[in-house]
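Working notes, beginning with the structure itself.
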Amino acid sequence: MAKVSTGGRSALRREWAQTAAMALVFWTGMELWTLILSAMRGSPLPLRYAVGHVAGVVIACGLSLAGFAALRAVRDRSRLLRGVVAIGALVASCLLFAAAMPLIHLFTPMLRSDDYRIEFWVRESVYWLVPFALWVLLALVLESGRKAQVREANLSSALIAAKEAELRALHYQVNPHFLYNALNAIATLILDGRNAQAERMVLRLSAFFRSSLTRDPLAEVRLVDEVAQQRLYLELEELRYPDCLEIVVDVPAELEDAEAPSLILQPLVENAVKHGVHAPGQRTRIEIVARAEGDSLVLQVIDNGPGGGGPAGTGVGIVNVRKRLEARFGNRAGVEAGPHPERGYVAAITLPLRFAR
């Protein structure tokens with residue numbers, strides 16, 4: 001037997017409560033309208049017969065909810081079957097309400113019949129056909145609306161799942177690309193006989209992946225943790241390019257708890273190392289800068305290299321970052337990158353400024 005989740009049970013109770021309230025309002029309105037018409041014809045019903053009217057409303061509500069249960073049971077079946085069930089619920093409700101008339105008449109003796117023959121049942125069934133038909137029509141409209149809501153909810157869930165899958169795929173593109181470069185660097189160190197550096201690089205690589213693999217790719221991380229992850233990566237590159245890298249991090253203390261997508265800076269920092277490293281003997285300066293601009297957080301990765309990486313940020317890493325930002329934030333975030341006449345190459349991410357709780 002399939003189990004219903006707590007959220008599913010809550011939604012089911014809410015649906016039944018709404019339908020019961022709707023039935024109560026509907027049949028109370030019908031009864032009041034009947035009383036008004038009687039009063040207009042000069043035959044007001046005495047207040048002492050109110051119990052009979054209440055009994056009629058209760059019985060009609062019970063039959064209406066039974067009909068709703070039948071319609072709900074076939075909500076996902078064919079239109080023909082739903083139509084047959086609707087007609088069956090209508091006919092059954094009219095016949096059963098007519099059959100309950102003698103009970104109601106116990107409390108309204110002035111309406112009591114002296115002859116409960118077949119003609120009485122037919123007449124009462126036909127009389128209540130229109131009210132119950134209105135209720136069945138209302139129930140069908142409610143069911144159509146709820147089915148549309150379920151379809152919209154399922155569609156929204158599918159879209160969210162697709163976005164999450166896209167984000168995970170884009171996130172996991174980062175590490176294999178980096179791993180490929182890191183293993184090549186380790187192989188180069190070994191071939192050059194720099195075994196001690198290769199060993200340190202393997203240990204740093206292990207620390208980097210141990211840190212990144214424990215993160216949820218869909219979760220936001222504190223900016224200070226994201227920058228610390230990039231420091232691990234740059235420590236690897238410092239082993240690869242000894243005495244060639246100068247790392248500068250400028251993150252104000254008030255922005256350390258700002259939220260950023262995990263590893264969002266990784267492709268930008270990789271590009272800075274790849275395209276920014278000068279000829280041997282010259283130092284490359286790589287800066288990671290954060291600042292607030294109104295309700296936006298701006299993250300920059302700057303190098304003083306020759307300005308490589310393609311015009312206006314057309315590299316694979318920049319495209320990855322742009323897609324991740326679009327999938328997560330829509331048009332509220334973006335990335336711009338390109339050569340700077342005075343500062344080499346600048347890549348800047350703009351995203352909503354939010355703080356970790």
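We did not get these values from a lab; they are worked out from the coordinates using the rules stated. Keep in mind that what you see is a predicted model, and the values were worked out from it rather than measured. Please note: Cβ atoms are built from the backbone with ideal geometry, for glycine as well, and neighbour counts cover all protein chains shown.
If the chain linking V130 and H340 were pulled fully straight, counting 0.36 nm for each residue of separation and taking away their Cα-Cα distance, it would gain 67.8 nm. Computed extension gain for V25 through R146, at 0.36 nm per residue and net of the alpha carbon distance, reaches 41.6 nm. Note on A92/L353: beta-carbon distance plugged into 1/(1 + (r/R0)^6) with R0 of 56 Å gives a FRET efficiency of 0.35.
Using 1/(1 + (r/R0)^6) with R0 = 56 angstrom and r between the beta carbons of A11 and D250, what's the FRET efficiency to the nearest 0.05? Present the calculation step by step, with values, prior to reporting the outcome.
Numbers: r = 50 Å, r/R0 = 0.89.
Approximately 0.65, to the nearest 0.05.
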